[in-house]
Amino acid sequence: MKQNVSHLPRDLSRMVSWSLTRLGKAIAEVYGEETYERIEQIRLSMQDTIGSESFVLRNALFSLQAELSKLDRNQLYQIAHGFSLIMELINACESAYRIFRINQREDKKSTLTGLRVFIMY
């Protein structure tokens with residue numbers, strides 16, 4: 001089940017998608033396509049648990065733990081590093097978008113304030 005992101009602003013969705021595509025290519029180039037695919041599978045499976053009942057989340061985490069326990073130390077490092085870069089990039093995109101929207105509101109507010117001053121005189 002793919003998470004419904006239709007409620008997210010289109011600009012934010014595009015920025016995250018564009019950024020993740022580029023980062024995904026870099027991760028695949030450095031760690032290999034198989035590692036990137038595993039990271040992406042983990043990300044999507046965890047994304048699918050958002051809003052789920054606690055037992056669904058617990059089962060998903062137990063399943064992930066069982067899968068990860070079969071990997072060696074180097075593979076775990078690569079997955080952890082790649083996954084943390086993805087999360088950091090998503091957070092940076094969200095933060096940049098939030099700042100952009102705040103600045104837009106402030107610009108609009110100062111324009112409206114200027115109009116009021118102009119109208120009053």
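The values are calculated or read from the model by the stated rules, or taken from the named source; none is laboratory data. The structure presented is a predicted model; accordingly, all values stated were derived computationally and were not measured. Note that we place each Cβ from the backbone using ideal geometry, even for glycine, and neighbour counts take in every protein chain shown.
Remarks
- Top-ranked residue of segment 12-39 - restricted to ones that are within 21 Å of ASN91 (Cβ to Cβ), among the charged types (D, E, K, R) and modelled with pLDDT of 95 or more, ranked as surrounded by the most Cβ atoms within 10 Å (Cβ to Cβ): LYS25
- In segment 64-121, residue farthest from GLN47 (Cα to Cα) [restricted to those that are of a type in the set (Asp, Glu) and modelled with pLDDT of 90 or more]: ASP72
- Residue in segment 42-62 that is at pLDDT below 95, outside any helix (DSSP H, G or I) and of a type in the set (A, V, I, L, M, F, W, C) present: yes
- Scanning segment 40-75 for residues that are surrounded by 14 or more Cβ atoms within 10 Å (Cβ to Cβ), without any contact (Cβ under 8 Å) to a residue 24 or more places away in the chain and acidic (Asp, Glu) turns up just one, GLU40.
- Enumeration of residues in segment 76-85 that are surrounded by fewer than 16 Cβ atoms within 10 Å (Cβ to Cβ) and of a type in the set (S, T, N, Q): SER84
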